[in-house]
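Beneath this line is the structure, given in structure tokens, with notes to follow.
The values are calculated or read from the model by the stated rules, or taken from the named source; none is laboratory data. Computed from a prediction, not measured in an experiment: that's the story for all the values here. Cβ atoms come from the backbone with ideal geometry, glycine included; neighbour counts cover every protein chain shown. Keep in mind that these areas ignore ligands, DNA and RNA; they rest on the heavy atoms of the full protein, side chains included. Shrake-Rupley method; radii C 1.70, N 1.55, O 1.52, S 1.80 Å.
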Amino acid sequence: MKRKYKLLVMLLVVFLSFETFALQRSTFKKENTMYQKKSKKEFIYLEISGEKGAKIEVRLNDIPAGELITEGENGSGNSFSNIKYYTKPGSNTLSVYSLSEKGKATVRLVRYFEGQSTGKGEGKTLIEIIVENTKLPTHKEIVLASSSERWSWMDVDLITDEKSEREAMDFVRRFYKTMEKSNVDEMIKALDPIINDELRSKPNTTKEKLVKNWTKFMKMAFNGDNTYDDINKISVQLTPVANGKLFEVKRKDGSLLFRTSDTSVAFKNIIGRKDGVWKFYY
């Protein structure tokens with residue numbers, strides 16, 4: 001049973017987070033096999049490499065796109081993230097924030113074609129930022145000519161006023177209870193912008209199939225057997241991102257809000273409002 005449960009958690013993490021968290025080489029190659037019949041399919045990845053205690057957060061167009069936290073004074077590591085859902089036509093802003101004054105990190109946006117492996121020396125570097133022993137942020141502009149899709153987050157409301165923040169907090173608390181009750185149908189409705197973006201990037205499928213797949217995985221994970229914290233006792237932190245269009249939702253300690261008590265199952269954490277309705281976005 002323990003082995004089955006661990007497998008379930010791994011499946012959920014991959015399914016909910018494969019576009020926004022670090023992607024390994026094997027994941028990248030599997031994704032490529034879906035496009036073998038198309039010539040020169042492009043992928044733009046965010047790559048972060050760090051050493052000597054580097055702690056880095058990276059945003060694209062002010063949306064959290066990746067992070068790398070190395071452990072110890074001699075720690076090192078790498079992170080790979082597919083950032084297509086954060087791109088926009090024309091000029092894009094890449095921002096690098098060092099969360100400590102220690103270590104050295106290299107941040108790259110890299111274009112790959114199908115069949116290529118991710119990693120240093122592979123792909124074409126579109127932009128590179130190097131930070132070392134500093135907490136000063138770095139911002140650079142880059143034109144992504146291949147980015148022509150209009151993702152859902154681009155059309156949401158500005159939510160910089162206090163009323164919007166109160167609305168967001170109400171939505172957050174209601175949704176936490178929805179998750180706690182394992183109400184998958186309502187959770188799927190709140191994921192509609194994400195599913196629509198996935199549909200735009202996968203023209204050979206249908207929304208019905210995507211909803212069916214999401215529902216299947218969600219029901220496996222949110223099955224009523226999980227343990228949750230008391231939402232009324234959680235200190236919730238809403239951080240404006242996407243230049244005031246979205247909120248990143250976390251606990252005051254920096255961990256994800258929408259998760260089980262033991263952190264084994266987690267949900268999305270970016271919300272926005274369109275036409276008066278709050279939902280989740282990439």
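What the table shows:
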read-out: Per residue, in Å², the accessible surface of segment 172-267 once ligands and nucleic acids are set aside, probe 1.4 Å; value: 50
read-out: Segment Glu101-Ser117, extension gain: residue separation times 0.36 nm, minus the distance between their alpha carbons; value: 2.6 nm
read-out: Cα-based radius of gyration of segment 224-282 once divided by 2.2 N^0.38 Å, which approximates compact folds; value: 1.21
read-out: Pairwise Lys count, segment 185-282 - Cα closer than 17 Å, eight or more residues apart or different chains; value: 22
read-out: Segment Asp185-Ser148, length gained on full extension (0.36 nm per residue, minus Cα span); value: 10.2 nm
read-out: Extension gain, Asn204 back to Asp229 (0.36 nm per residue minus Cα-Cα distance, nm); value: 5.0 nm
read-out: Pair Glu73, Lys216: separation of 7 Å Cα→Cβ label points (nm); value: 5.1
read-out: GluC sites (Glu not before Pro) within segment 71-146, DSSP loop, no more than 16 other Cβ atoms inside 10 Å; value: Glu71, Glu73, Glu101, Glu122
read-out: Accessible surface of segment 226-282, 1.4 Å probe, proportion on carbon and sulfur as whole %; value: 44
read-out: Cross-link partners of Lys181 among aspartates and glutamates (Cα-Cα below 14 Å; sequence separation of 8 or more within a chain); value: Asp225, Asp229, Asp230
read-out: Global form of segment 68-161, assessed from the alpha-carbon gyration tensor, a/c cut-off 1.5; value: oblate
read-out: Cα gyration tensor shape for segment 147-256, rounded if a/c is under 1.5, else prolate or oblate; value: oblate
